[in-house]
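Novice: Pasting in a structure now, in structure tokens, and then I'll have a few things to ask.
Rule-based calculations on the coordinates, nothing more; no lab input. The structure presented is a predicted model; accordingly, all values stated were derived computationally and were not measured. No Cβ is skipped: glycine too gets one built from the backbone with ideal geometry, and neighbour counts run over all protein chains shown.
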Amino acid sequence: MIIKILLLLVFFATMLAIGFICRKNSTDVNGFVLGGRSVGPWVTAFAYGTSYFSAVIFVGYAGQFGWKYGIAATWVGIGNALIGSLLAWRILGRRTRIMTQHLNSATMPQFFAARFGGNSLKIAASVITFIFLIPYTASLYNGLSRLFGMAFNIDYSVCVIVMAVLTGIYVIAGGYMATAINDFIQGILMLVGISAVVLSVLGSKGGFIASLDGLARISDETVSTTPGIFASFFGPDPLNLLGVVILTSLGTWGLPQMVQKFYAIKSEKSISKGTIVSTMFAFIVAGGCYFLGGFGRLFSDRVDIAAGGYDSIIPAMLSGLPDILIAIVVVLVLSASMSTLSSLVLTSSSTLTLDLLKGHVVKDMNEKKQLFIMRFLIVVFVAISVIIAIVQYKQNVTFIAQLMGVSWGALAGAFLAPFLYGLYWKGTSKAGVWCSFVFSTVVMLANMLVRSSFPALLQSPINAGAFCMLAGLVIVPVVSVFTKKPDKKLVNSAFACYDKEVMVHQSVSLSDEGEGVA
């Protein structure tokens, strides 16, 4: 117990110290929201990864999908690394950094307003962001109750309040830079923690080969009658597994708190290095989480799905580990939750302040007032998330947990296609953007309210969210072709940033010298 408490105290003290050290970087809006666009590759890559993977992934999704799909759940982690990290950095990273700086936009709603014209898109995007990030923020505390109960026997409410207060303090003090540096430290803890946990859990069952053999011997006729299905390549339900891969991987392309990491990249070299680091981080953390969850059925003697739900699987797998490893797991899950929480509350407060309140509700808002309101709203968002999390836990309200899946689908479904096409295609129209906003928001809200009316495949919020993302990629160009063309002057002005000539080293681009030699 002493070791556990000491680890937590050191962890919390480090987070707070970094927050106060970074105060000098958050004296203006650009510094507070984007770190002055001067964040290096390792810090940016880890900030991206730790915002991506929270306790929801480690405790909830890894346990749930590992139980449903067996070892094939590892495909979710592979998809997160290749699509959610590698392709996201390659396709979005450079262009996002260039165009957002050119348009002077610090948030995704600001980008939509500057790129497509008019404040209506900015207001709509900020409202969607505000509404759907709140339940996502509250869901981050899911799973902490069981782990803290197992490790410390501490009341869940105390755990939630302490975590939220400490996160709020370092974000308010140091802004984006404090969040990014803390994410880097938390990311290292996540890498070490998940590696140690996977090796220890599989070791408790005789190692990888013995664990895989044991998994192959498990059968569940309610899922599949195929022998060894949970140790197979694609598992018992490849179609629904694909929906999980799409939602959790492609979704990052449209989530404001994820895309915003590209706004703050320092240089070209940072993008190249950050792509590699972020992808490897995702392979280890996400791949490790889902790989571990795939062996959950080996611990079925300790798990009661009917009583504890899927969130009880991972804690049950960890319950037999030595105290020092349990302490590492607690710090791992805290790191995952605090890093994502800090990113979400910073995104929510900056979006609401800069895109909804500034110039609309509060006409005269100087820089000092903007910073004050953003810091105040961080307190509000953290408080709301704590209240929702405690009410959900005490009253056993499953509605909020379900809303988390809906919020991810609505945000990524609404924003992914307009943002992607906005970076690459001059023909993207404002009407196409509006259709994407409305379609995904309506579909995901309908999925929550009248789920039984949906086709069987789309009754799952995960599949519905994946459908909205893919549908947006079709809706935006089709609507753009048949509606009013965008203003040519506005479009040319936005895309002018890509035409600027820069000098690069020959290692990046070959010179034309020596051409004509046969």
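Novice: So if we plug the beta-carbon distance of Ile324 and Glu501 into 1/(1 + (r/R0)^6) with R0 = 60 Å, what FRET efficiency do we get, rounded to 0.05? Walk me through the intermediate numbers first.
Specialist: On the way: r = 56 Å, r/R0 = 0.94.
The pair Ile324/Glu501 has a calculated efficiency of 0.60.
Novice: Greater than 32 Å separation of Cα atoms is the criterion. Which listed pairs, Lys68/Lys273; Lys430/Lys500; Lys122/Lys488, meet it? Each step should come with its number before you reach the end.
Specialist: Working: Lys68/Lys273 36 Å; Lys430/Lys500 26 Å; Lys122/Lys488 20 Å.
Beyond 32 Å: Lys68/Lys273.
Novice: How far apart, in nm, are the 7 Å Cα→Cβ label points at Thr14 and Leu242?
Specialist: 4.3 nm
Novice: Another one. If we count every other residue with Cβ under 13 angstrom of Ala73's Cβ, Lys/Arg +1 and Asp/Glu -1, where does the sum land? Each step should come with its number before you reach the end.
Specialist: On the way: positive: Lys68, Arg297; negative: Asp237.
That sum, taken over residues with Cβ under 13 Å, equals +1.
Novice: Mind checking segment 293-365 for trypsin sites (Lys or Arg not before Pro) that DSSP puts in a loop (not H, G, I, E or B) and that have at most 15 other Cβ atoms within 10 Å? The partial results should precede the final answer.
Specialist: Values: sites: Arg297, Arg302, Lys358, Lys363; in loops: Arg302, Lys363.
Passing sites in segment 293-365 are Arg302, Lys363.
Novice: Then there's this: If packing is taken as the mean number of other Cβ atoms within 10 Å per residue, what is the order of 99-105, 26-32, highest first?
Specialist: 26-32, 99-105
Novice: Would you calculate the volume per residue, in Å³, of the smallest convex hull containing every Cα atom of segment 18-174? Intermediate results must be reported in sequence, preceding the final value.
Specialist: On the way: hull volume 25.0 nm³, N = 157.
In segment 18-174, the Cα hull volume divided by residue count equals 159 Å³.
Novice: Here's another thing I want to ask about it. May I ask you to sort Leu87, Leu445, Leu34 by Cβ crowding, counting other Cβ atoms within 10 Å and putting the fewest first? Walk me through the numbers on the way to the answer.
Specialist: On the way: Leu87 17, Leu445 14, Leu34 24.
Sorted ascending by nearby Cβ count, the order is Leu445, Leu87, Leu34.
Novice: Further question on the same structure: Determine the shape class of segment 293-350: with a ≥ b ≥ c the square roots of the Cα gyration tensor eigenvalues, call it rounded for a/c under 1.5, and otherwise prolate if a/b is greater than b/c, oblate otherwise. Walk me through the intermediate numbers first.
Specialist: Details: a/c = 3.59, a/b = 1.79, b/c = 2.00.
Taking the square roots of the gyration eigenvalues as a ≥ b ≥ c, segment 293-350 is oblate.
Novice: Now a separate question. Straight-line reach from Lys24: which lysines fall under 16 Å, measuring Cα to Cα and dropping same-chain residues less than 8 apart?
Specialist: Lys368
Novice: Still on this model: For Val192 and Ser272, calculate 0.36 nm times their separation in residues minus their Cα-Cα distance, and state this gained length in nm to one decimal. The partial results should precede the final answer.
Specialist: Values: separation 80, 0.36 × 80 = 28.80 nm, distance 2.41 nm.
Separation in residues times 0.36 nm, less the Cα-Cα distance, equals 26.4 nm.
Novice: What distance in nm separates the simple spin-label points at Leu82 and Ser157, each placed 7 Å from Cα in the Cβ direction?
Specialist: 4.8 nm
Novice: Give, as ranges by residue number, the residues of segment 62-83 whose backbone N falls under 11 Å from the point 7 Å along Cα→Cβ of Leu470.
Specialist: In segment 62-83, the label zone of Leu470 (backbone N under 11 Å from the point 7 Å along Cα→Cβ) covers no residue.
Novice: Taking the Cβ of each residue in Lys122, Lys269 as the centre, tally the other Cβ atoms inside 10 Å and list the residues starting with the fewest. Could you put the intermediate results ahead of the total?
Specialist: Values: Lys122 25, Lys269 13.
So the ranking, lowest neighbour count to highest, is Lys269, Lys122.
Novice: For Cys159, Cys497, Cys468, what's the fewest-to-most ordering of other Cβ within 10 Å of each Cβ? Don't skip to the end; give the middle numbers.
Specialist: Working: Cys159 20, Cys497 15, Cys468 30.
Going from least to most buried by this count: Cys497, Cys159, Cys468.
Novice: Rounded to whole Å and sorted largest first, list the principal axis extents of the Cα atoms in the chain.
Specialist: Extents along the principal axes, in whole Å: 66, 60, 52.
Novice: Let me ask you something else. Nearest 0.05, what FRET efficiency do Leu490 and Val362 give at R0 = 22 Å with Cβ-Cβ as r?
Specialist: E(calc), rounded to 0.05, equals 0.25.
Novice: Using DSSP H assignments, which helices in the chain have an axial alpha-carbon span of 18 Å or above and a mean Kyte-Doolittle hydropathy of 0.5 or higher? Provide the component values of the computation, followed by the final result.
Specialist: Working: long enough: 2-21 (28 Å, 2.73); 119-139 (31 Å, 1.27); 156-203 (42 Å, 1.83); 268-293 (37 Å, 0.93); 323-351 (42 Å, 1.75); 367-395 (42 Å, 1.28); 398-424 (40 Å, 1.31); 430-449 (29 Å, 1.44); 461-482 (30 Å, 2.03).
Sorted by number, the helices that extend far enough and score high enough are 2-21, 119-139, 156-203, 268-293, 323-351, 367-395, 398-424, 430-449, 461-482.
Novice: Fully extended, how many nm does the chain gain between Ser453 and Val165 (0.36 nm per residue separation, minus their Cα-Cα distance)? Don't jump to the answer; show the numbers that get you there.
Specialist: Working: separation 288, 0.36 × 288 = 103.68 nm, distance 4.14 nm.
Separation in residues times 0.36 nm, less the Cα-Cα distance, equals 99.5 nm.
Novice: Give me the percent relative contact order of segment 2-495, please, defined on Cα pairs under 8 angstrom at least 6 residues apart.
Specialist: Values: 868 pairs, mean separation 147.1, N = 494.
Averaging sequence separation for qualifying contacts and normalising by length gives 30 percent for segment 2-495.
Novice: Say each of Ile305 and Ser219 gets a label point 7 Å from the Cα, pointing the same way as Cα to Cβ; how far apart are those two points in nm?
Specialist: 1.7 nm
Novice: Multiplying the sequence separation of Lys394 and Val438 by 0.36 nm and subtracting their Cα-Cα distance, what value in nm do you get? Could the numbers behind the result be given before it?
Specialist: Working: separation 44, 0.36 × 44 = 15.84 nm, distance 3.44 nm.
Length difference between fully extended and current span is 12.4 nm.
Novice: Also: Does segment 72-119 classify as rounded, prolate or oblate by the C-alpha gyration tensor (a ≥ b ≥ c root eigenvalues; a/c under 1.5 gives rounded; else a/b over b/c gives prolate, otherwise oblate)? All intermediate terms of the calculation are to be shown ahead of the outcome.
Specialist: Values: a/c = 4.61, a/b = 2.58, b/c = 1.79.
Prolate, because a/c is 1.5 or more and a/b exceeds b/c.
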